[in-house]
Amino acid sequence: MIFRTALLYLSRQHRLKDVITGLPGFSQLVQRFIAGEQLETALAAVKELNRSGITATLDHLGESITSEAATYHEIAEYQKALQQIAAAQVQTNVSVKLTQLGLDISEQLCLRNTRSLVEAAAQHGNFVRIDMEDSSRIEMTLRIFRTLRAEFENVGIVIQSYLYRSVQDVEDLLAIGSRIRLCKGAYDEGEEVAFPAKSDVDANFVKLMQRLLVSGVYHGIATHDDAMIAATKAFVQQEKLAQDTFEFQMLFGVRRDLQVKLVEEGYRVRVYVPYGEAWYPYFMRRLAERPANIWFVVKNLVKG
Ligand SMILES: Cc1cc2nc3c(=O)[nH]c(=O)nc-3n(C[C@H](O)[C@H](O)[C@H](O)COP(=O)(O)OP(=O)(O)OC[C@H]3O[C@@H](n4cnc5c(N)ncnc54)[C@H](O)[C@@H]3O)c2cc1C
């Protein structure tokens, strides 16, 4: 728990990127979670996944952007990605964080940017998933999502089971036919908004998963947790749901064995493929999720 809080703190200290990433062992670890810095390497990773029967969602890394011009670069990068996805006919949609498209600058700017991205995706027959960031951004994120959902079919959102509010948010979002990715949540949240105990986060995940799977809408169940996956499979069997009415989602580089196994069992699996130069905060959140990843670095330091 202390490790998690410390690593999530470091994930917000962008100045430390060079110091921390200069440590031995880091570049190998970074490569495990990030599919390179360029679109071309990310598309190659997607093709590789597609060969194993796994679809993807491509994420150009970047968040907490504070300059309007930089948000336009992000839009341009996504437009390029959508064109190349269509040209190469690879099976991937895109994921985006709203602070990448100007949420911290102005809600109107962010709405305009996100609308242009969803519009571009619609023209290519593709889909945009809006990632969920920390709880201070959730109201604005949901407002922008709702506005766009009223205009477009090809946009989806994320719900985090660690938040108390998620039960109600799921009901409100299902009422407008939203496609939801359910995950546990990756940020450092206080007990006034989020369950402090993992057992409660997990119990809420199972409850929300069950609600989503009988909603008649296509959702993503995003987890690497064996217990959550077992609960999902058991519920699918119990309710006699078809395996293609939802998909499991996992992160690039995490539980690759499990990704392949689920496909072999007939489930749909989508992998989140992040790429780009701004990988530091994303990468640090991945370290925070699993202390064993840190021991890998420490071992290299000691050896080094
Ligand atoms: C496709 C996808 C999209 C996501 N989008 C968002 C989002 O928009 N907003 C958000 O807040 N969070 C997002 N997350 C992150 C999520 O909230 C969790 O932080 C993360 O998935 C870890 O939770 P878990 O369900 O895997 O379970 P945990 O209980 O954290 O982990 C269960 C097991 O999975 C394995 N594992 C989990 N994480 C790692 C790791 N980093 N490295 C190695 N092994 C690991 C370990 O074996 C661990 O014991 C996303 C996750 C996925 C899979």
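Readers should treat all values here as calculations from the given coordinates under stated rules, not as data from a laboratory. Quantities reported herein were computed from a predicted structural model and do not represent experimental measurements. With ideal geometry, Cβ positions are generated from the backbone for all residues, glycine too; neighbour counts draw on all protein chains shown.
If the chain between Val217 and Arg255 were fully stretched, how many nm would it gain, using 0.36 nm times the residue separation less the Cα-Cα distance?
Full extension of this stretch gives 11.0 nm more.
Output the pairs from Lys198/Lys233; Lys17/Lys261; Lys17/Lys207; Lys97/Lys184 with a Cα-Cα distance over 28 Å in this structure; if there are none, say none.
Lys17/Lys261; Lys17/Lys207
Write down the percent of antiparallel bridges among all DSSP beta bridges whose residues are both part of the stretch 35-278, to the nearest 5.
Roughly 5 percent of the DSSP beta bridges within the stretch 35-278 come out antiparallel.
For the stretch 179-282, what Kirkwood radius comes out of the mean inverse Cα-Cα distance, in Å?
The Cα-based Kirkwood calculation yields 14.8 Å.
Please compute the net charge surrounding Ile157, taking Lys and Arg as +1 and Asp and Glu as -1 over other residues with Cβ under 14 Å from its Cβ.
In short, +2.
Suppose R0 equals 25 Å. What FRET efficiency, 1/(1 + (r/R0)^6) with r the Cβ-Cβ distance, do Gln243 and Lys207 give to the nearest 0.05?
Calculated value: 0.70.
So, in Å, what gap is there between the alpha-carbon centers of the stretch 1-32 and the stretch 230-281?
If you average the Cα positions of each part, the centres end up 26 Å apart.
Calculate I(q)/I(0) for the stretch 35-278 by the Debye formula, one identical point scatterer on each C-alpha and no solvent, and give its log10 at q = 0.09, 0.12, 0.13, 0.15 Å⁻¹ to two decimals.
Taking Cα atoms of the stretch 35-278 as identical point scatterers yields -0.36, -0.66, -0.79, -1.08.
For the stretch 239-268, which GluC sites (Glu not before Pro) are in a loop by DSSP, counting at most 16 other Cβ atoms within 10 Å?
Details: sites: Glu239, Glu247, Glu264, Glu265; in loops: Glu239, Glu265.
When the GluC sites (Glu not before Pro) of the stretch 239-268 are filtered for loop state and at most 16 Cβ neighbours within 10 Å, Glu239, Glu265 remain.
Starting from the amide H of Arg181, placed 1.01 Å from N in the peptide plane, find each other amide H under 5 Å away whose residue is 5 or more places distant or on another chain.
Amide H to amide H, under 5 Å and 5 or more residues apart or across chains, Arg181 pairs with Ile157, Val158, Ile159, Gly220.
Using a Förster distance of 45 Å, how high is the FRET efficiency between Gln28 and Arg143, based on the Cβ-Cβ distance and rounded to 0.05?
Working from the Cβ atoms, E equals 0.65.
Could you give each residue of the stretch 125-142 its phi-based ³J(HN,Hα) in whole Hz, using Karplus coefficients 6.51, -1.76, 1.60 with θ = phi - 60°, and x for Gly or Pro?
For the stretch 125-142, the Karplus-derived couplings read x, 10, 10, 10, 9, 8, 5, 9, 9, 6, 5, 5, 9, 5, 4, 5, 4, 5 Hz, x marking Gly and Pro.
For the stretch 115-256, compute the orientation-averaged projected area of the C-alpha convex hull (one quarter of its surface), in nm².
The orientation-averaged projected area of the Cα hull of the stretch 115-256 comes to 9.0 nm².
Kindly write out, for the stretch 149-155 in residue order, the coupling ³J(HN,Hα) from the Karplus curve 6.51 cos²θ - 1.76 cosθ + 1.60 (θ = phi - 60°), rounded to whole Hz, with x marking Gly and Pro.
So the J values, rounded to whole Hz, are 5, 5, 9, 9, 8, 8, 9.
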